[in-house]
Amino acid sequence: MLSPLFLLSLVGLSTQLVIDKFASPDSNALGNWHGCDEGDGITCTFGSGKLTVKATDTDYSFYTQLNGGCQDVTGMNSQYLHVKISGSSDFSIALQQNNPSCDETLSPYPQTWDIVYAPDYTVNGDIYVPLSHFNINKQKAVGFAFKAFRSTTATTFSLVEIVTSLPSGRTVPAKKPTGPLIFQCTRPNSIAFGIDDGVPELAQRTMQIIKDAGIKVTFFTVGSALTDPEGNFTAIYKEALDRGHQVALHSMTHPKLEGLIPASKIDQEFQQSLSTVQQKLGSRVSTKYFRAPYGTDGALTRQKLETAVGGGSRVINWSIDIEDWLWGESSTPEKQVEAVKRDIARGGNLFVSHYLYPSTVEYFPEFIRLAKATGKQIMRVDQCLEDPNAPPL
Ligand SMILES: [Zn+2]
């Protein structure tokens, strides 16, 4: 009995694996889950073996999975993802990597992904991306995500497959460098606070709580805050640097970077942010470390950051969300504490937090207590990622 793959090679076809033909809204051609994020930012319509995606927000994605847990695709590294589309190609394609336990109930899930910009690989509706352009642990692949749709024009998908070779005459571009997207500390027994934007009225109290706890943290600062004379943030972050905290980038004006049109505005955000922190805070700022506003990720953001900082960039997301954006001003602010407990229980060890609301700041000693109660050591993000350039613990 000849294997199906052998028969395919006999007739000269190069299809290795059909992943999705959009025949059903619930599952793909492999029998695995596929679907869109829930919410107002995306509309996904299935019909006649096609999926049409219309998105108004770059945070929303469509996913088609290779496996519910982990799929080893290391053997396909010299092969190509082929996607057939019509309509806009102005979106990103990610290959997602699961966490070490291959368990979607743990945090983070997924562990990370690498990402490419679809227009770079599209000719007449055929997208070919070498799997080698996705720099992840390919023993732990989850599946592909089509995300960060930048155009109001819809995209219609009709096929996702892996092929062993390119059509004759077809070439692919070189991989554009991207820094890693990080959700988790790697140093054993480490836990870290990444603290983003805040309001001036709550800055001193936040700094005092951190000082009283005797911990070192990482602040991601918005460039425009440093240029606002009313806010005094330049003095606040200078003092933070003096106290041994890490200070890093959080864009210039805090937009969803990936959605900026034209894309040159993304470059401007990075350039202005870099020049502002260097001018106001000097050379001690960790300019290779960046937290994206809203955690929004896309290929353009990662490629342009990598270029702007001259290589070695790290995009720092999180695996513990205090959910201040959800509960900080609600009638149940204690749910911020519940959120921290939940994410710690799932294995998270990298916080996202702000000092925007009085309730968040009042719970900050409790967040620190919960972090310490894990038995892990609280440290700066660069230290928890074992960066050789980080100061010693
Ligand atoms: Zn922010």
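The values are calculated or read from the model by the stated rules, or taken from the named source; none is laboratory data. Here the structure is a predicted model, which means the values were calculated and not measured. Every residue, glycine as well, gets a Cβ built from its backbone with ideal geometry; the counts of neighbours run over all protein chains shown. To get the accessible areas, we keep the full protein, side chains included, count just its heavy atoms, and leave off ligands, DNA and RNA. Shrake-Rupley method; radii C 1.70, N 1.55, O 1.52, S 1.80 Å.
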Practice item. Calculate the translational D of the range 274-393 in whole µm² s⁻¹ from Stokes-Einstein, where the hydrodynamic radius comes from the Kirkwood formula applied to all Cα pairs, the temperature is 25 °C and the viscosity 0.890 mPa s. Key: 152 µm²/s
Practice item. Could you state the angle between the C-alpha long axis of helix 299-308 and the longest principal axis of the C-alpha atoms of the chain, as a value from 0 to 90 degrees rounded to the nearest 10? Key: 50 degrees
Point to revise | Accessible area of the range 290-382 belonging to carbon and sulfur atoms, whole % at 1.4 Å probe | key: 51 percent
Review point. Per Stokes-Einstein, at 10 °C and 1.306 mPa s, what whole-number D in µm² s⁻¹ belongs to the range 104-205, with the Kirkwood radius over Cα pairs as the hydrodynamic radius?
Key: 90 µm²/s
Check your understanding: Any idea what angle helix 264-281 forms with the longest principal axis of the chain, computed on alpha-carbon atoms, 0 to 90 degrees, nearest 10?
Key -> 20 degrees
Exercise for review: Would you please classify the overall shape of the range 215-335 from the alpha carbon gyration tensor, given that a ≥ b ≥ c denote the square roots of the eigenvalues, rounded means a/c under 1.5, and beyond that prolate means a/b larger than b/c while oblate covers the rest?
Suggested key: oblate
Revision key, fill the gap. The Kirkwood hydrodynamic radius of the chain, taken as the inverse of the mean 1/r over all distinct Cα pairs, in Å, comes to 22.2 Å
Check your understanding: Contour minus end-to-end for residue 199 and residue 86, with contour as 0.36 nm per residue of separation and end-to-end as the Cα-Cα distance?
Key -> 36.2 nm
**Study point:** Within the chain, helix-based [θ] at 222 nm, where runs of 4 or more DSSP H residues each add -39,500 (n - 2.57), nearest 500
**Key:** -7500 deg cm²/dmol
Revision key, fill the gap. In nm², the average projected area of the convex hull spanned by the Cα atoms of the range 4-163 is 9.4 nm²
Revision key, fill the gap. So the carbon and sulfur contribution to the accessible area of the range 4-163, 1.4 Å probe, in percent, is 48 percent
**Study point:** Stretch gain in nm, segment residue 56-residue 341, where the contour uses 0.36 nm per residue and the Cα spacing is subtracted
**Key:** 99.3 nm
Point to revise | Loop sites in the range 142-172: trypsin sites (Lys or Arg not before Pro), DSSP, at most 12 other Cβ within 10 Å | key: 170
Revision key, fill the gap. Sorted by accessible surface (1.4 Å probe, heavy atoms of the protein chains only), largest first, 161, 104, 334, 38 come out as 38, 104, 334, 161
Review point. Using the Cβ atoms and a cut-off under 13 Å, what net charge is assigned to the surroundings of residue 337, where Lys and Arg are +1 and Asp and Glu are -1?
Key: -4
Exercise for review: Per residue of the range 356-366, in order, report the coupling 6.51 cos²θ - 1.76 cosθ + 1.60 (Karplus, θ = phi - 60°) as ³J(HN,Hα) in whole Hz, putting x for Gly and Pro.
Suggested key: 9, 10, x, 5, 4, 5, 5, 7, 4, x, 5
Review point. How much area per residue is accessible in the chain when the probe is 1.4 Å and only protein heavy atoms are counted (Å²)?
Key: 42 Å²
Practice item. Please work out how much length the chain gains when fully extended from residue 261 to residue 275, using 0.36 nm per residue of separation minus the C-alpha to C-alpha distance, in nm with one decimal. Key: 2.9 nm
Revision key, fill the gap. For 258, 338, the accessible-area ranking with a 1.4 Å probe, largest leading, is 338, 258
Point to revise | Base-10 log of normalised Debye intensity for the range 181-384 (one unit scatterer per alpha-carbon) at q = 0.12, 0.18 Å⁻¹ | key: -0.57, -1.31
Revision key, fill the gap. Plugging the Cβ-Cβ distance of residue 334 and residue 77 into 1/(1 + (r/R0)^6) at R0 = 51 Å yields, to the nearest 0.05, a FRET efficiency of 0.60
Point to revise | Separation in nanometres of the label points that stand 7 Å from Cα toward Cβ, at residue 243 and residue 124 | key: 6.2 nm
